[in-house]
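Here's the structure, in C-alpha cells; my notes come after.
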Amino acid sequence: MIQVKKEGIILSKTDLDFENEAVLNPAVIRVGDSVHIFYRAVRLWNQSTIGYCRLDGPLNVAERWEKPFMVPEFDYESQGVEDPRITKIDDTYYMSYTGYDGVNARGALATSKDLVHFEKQGIIVPDISYAHFVYLVESAGKVNENYYHNHKFYYQEADPDEKILLWDKNVVFFPRRINGNLVFLHRIRPGIQIVSVKEIADLTPEFWKDYFENFQDHIVMDPIYKHESDYIESGCPPIETEYGWLLIYHGVQDTNEGLIYSACATALLDLDDPRKEIARLSYPLFSPEFDWEKEGDVNNVVFPTGTALFGDTLFIYYGAADSHIACASLKLSALIAELLTNTKVVENNIDTINEIKSKIQDTPVVIEIPKVKKVAKIKKISKTKKNEK
C-alpha cells in the first residue's frame, strides 16, 4: 500500500486579468534546486493562457509572473493554450499543450533551448474528422469498441453542421529519444496511444493514415479497473527507472455523482519498447478528497500533469477541481516496489476488458491528511463554459 501525502494547494487564482478565473494543470520541470512551473491560467469566459512561477525546492514559491508566459497567436489556439507538459530531450525543451479554437482541442508543440524563448511548432496530431478516424480504424482489425462510442460528442444535435475534428490531446513526450526516435503519448478516448518518429516533420498525413490503419499496434493502455472505467489519459511525463518507464496518468469513472478524476500509476512501461505495459496498480494513487478537490470549476478532479524528484521523494503536481494547483508526495522506491508486485494482468486483449472491469473491486489507499489553510468557497460555472478535459 502506497503512503501518499497531500502537500496542499501551491497556487490559486489571483485578481490579475489573465488568471482571475482559475489556475490548473501545470507543466513541471526541475533544474538544479528550482522547479519551474508553466501552468494553465484561465480568465473569465474560459480563455486560457500559460502562466509561470518558480519554486525554490519542491514547495516554496520564489517567483511568479504577473503576465502570461505564453498566449494564443494562431487560429488553432484562438480560445486558449491549455494544459502544458514539458520535458527536455537532448538540448531542447519540448512543451506540449492543447490548442483550443473554441470548437476543436488538439495537441500542439513549442520548443526552446533556454526555457525562456519558445518557438511554436503548430498542431502535431492528425487533422481529421471523427468519421474519417472511425473509417481508418475499422480497417485496423479488432479494436476496443469504446473507440466508436463518441458520436454523440462529435455530432451534437444542437449544431449538427459545426465542424468538430478528432479531439486528440494530452500529448506527453518521453524525456529522451528511444531507439533514436522522439516518442510521445497522446489520447484518443478511451485509451492512451503512442507515436514514434525520427523528427516532428515526419508527422505527415501519410504517416497518420498508416498509423490509424494499424491502430491496435499503437494502443499502450485501455481502461481496465473501476476507477478508470470511463477513460484514461496520459498525465505526467514518464520517469525513467531501471525497471521501466513510470507513468503517472489519470483515470475517469462515471458515477451517480458525476465524473470522478483520480491520479493513477501504471505502469512500468518497457524501456526499449514502451508499447509494452509491465505493471499497473489496481487502485488509484489518490482521488478527490478535500473540498478544494471536490468543488470548483469542475468538481471531483485531481489531474496530475508534472513531477519533480528530490532524493527518493516524488512530488506530483496536479490540477484540483480545475481551480487550483496542488501537490502530493510519495516515496519513489515504495511505488516501484508496489508496481513490481502488480505485474500486468492482461495483454491488450479487447475480448476480456469488460470481463476484467466487472471483476475488479476498488482497493483502499492510505492518504496522509495535510494541514492546509481553508479555501474560500468557489463559485461554480456552467460546465458548458469548460471544454471537455
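The values are calculated or read from the model by the stated rules, or taken from the named source; none is laboratory data. Predicted model, so just to flag it, every value in this text is computed and none were measured. Don't worry about glycine lacking a Cβ; one is built from the backbone with ideal geometry, like all the others, and counts go over all protein chains shown.
Quick notes on this structure:
- Unique match (being modelled with pLDDT of 90 or more and either closer than 25 Å to residue 253 by Cα or of a type in the set (Lys, Arg) (or both)) among 136, 166: 166
- Residue match in the stretch 94-106 (condition: at pLDDT 95 or above, touching a Lys or Arg at 6+ places or on another chain (Cβ under 9 Å) and of a type in the set (A, V, I, L, M)): yes
- Taken as a whole, the structure leaves residue 266 outside the set of residues that are surrounded by fewer than 19 Cβ atoms within 10 Å (Cβ to Cβ), under 30 Å from residue 140 (Cβ atoms), hydroxyl-bearing (Ser, Thr, Tyr) and at pLDDT below 95.
- Residue identified as among the β-branched types (Val, Ile, Thr), under 22 Å from residue 287 (Cβ atoms), in contact with a Ser or Thr (Cβ under 6 Å, 6 or more places away or on another chain) and in contact (Cβ under 8 Å) with a residue 24 or more places away in the chain among 252, 183, 172: 172
- Residues that are of a type in the set (Phe, Trp, Tyr) and closer than 22 Å to residue 59 by Cα were ranked within the stretch 31-47; the one that is surrounded by the most Cβ atoms within 10 Å (Cβ to Cβ) is 39.
- Qualifying residue in the stretch 165-178 (condition: in contact with a helix residue (DSSP H, G or I) (Cβ under 7 Å, 6 or more places away or on another chain) and of a type outside the set (Ser, Thr, Tyr)): yes
- Selection from the stretch 305-323 of residues that are in a loop (DSSP other than H, G, I, E, B) and in contact (Cβ under 8 Å) with a residue 60 or more places away in the chain: 322, 323
- Of the residues 276, 294, 331, the single one that is touching a residue at least 60 places away in the same chain (Cβ under 8 Å) and among the charged types (D, E, K, R) is 331.
- Counting only strands (runs of 3 or more DSSP E) that sit completely within the stretch 1-106, those holding 3 or more residues that are closer than 30 Å to residue 338 by Cβ correspond to 4-11, 22-31, 34-43, 80-89.
- All positions within the stretch 278-289 that are closer than 16 Å to residue 228 by Cα and of a type outside the set (Ser, Thr, Tyr): 279, 280, 281, 284, 285, 286, 288
- Filtered residues of the stretch 119-129 (kept if within 21 Å of the chain's Cα centre (by Cα) and either free of Cβ contacts under 8 Å to residues at least 60 places away in the same chain or in a strand (DSSP E or B) (or both)): 120, 121, 122, 123
- All positions within the stretch 53-71 that are closer than 19 Å to residue 119 by Cβ and either crowded, with 20+ Cβ neighbours inside 10 Å or hydrophobic (A, V, I, L, M, F, W, C) (or both): 69, 70, 71
- The lone criterion from (1) part of a helix (DSSP H, G or I); (2) modelled with pLDDT under 95 left unmet by residue 293 is number (2).
- Residues satisfying the stated conditions in the stretch 236-266, i.e. of a type in the set (D, E, K, R) and touching a Leu at 6+ places or on another chain (Cβ under 8 Å): 240
- Residue match in the stretch 297-308 (condition: touching a His at 6+ places or on another chain (Cβ under 9 Å), farther than 29 Å from residue 88 by Cβ and surrounded by 22 or more Cβ atoms within 10 Å (Cβ to Cβ)): no
- With respect to the conditions (1) farther than 25 Å from residue 28 by Cα; (2) at pLDDT 95 or above, residue 180 lacks only one, and its number is (1).
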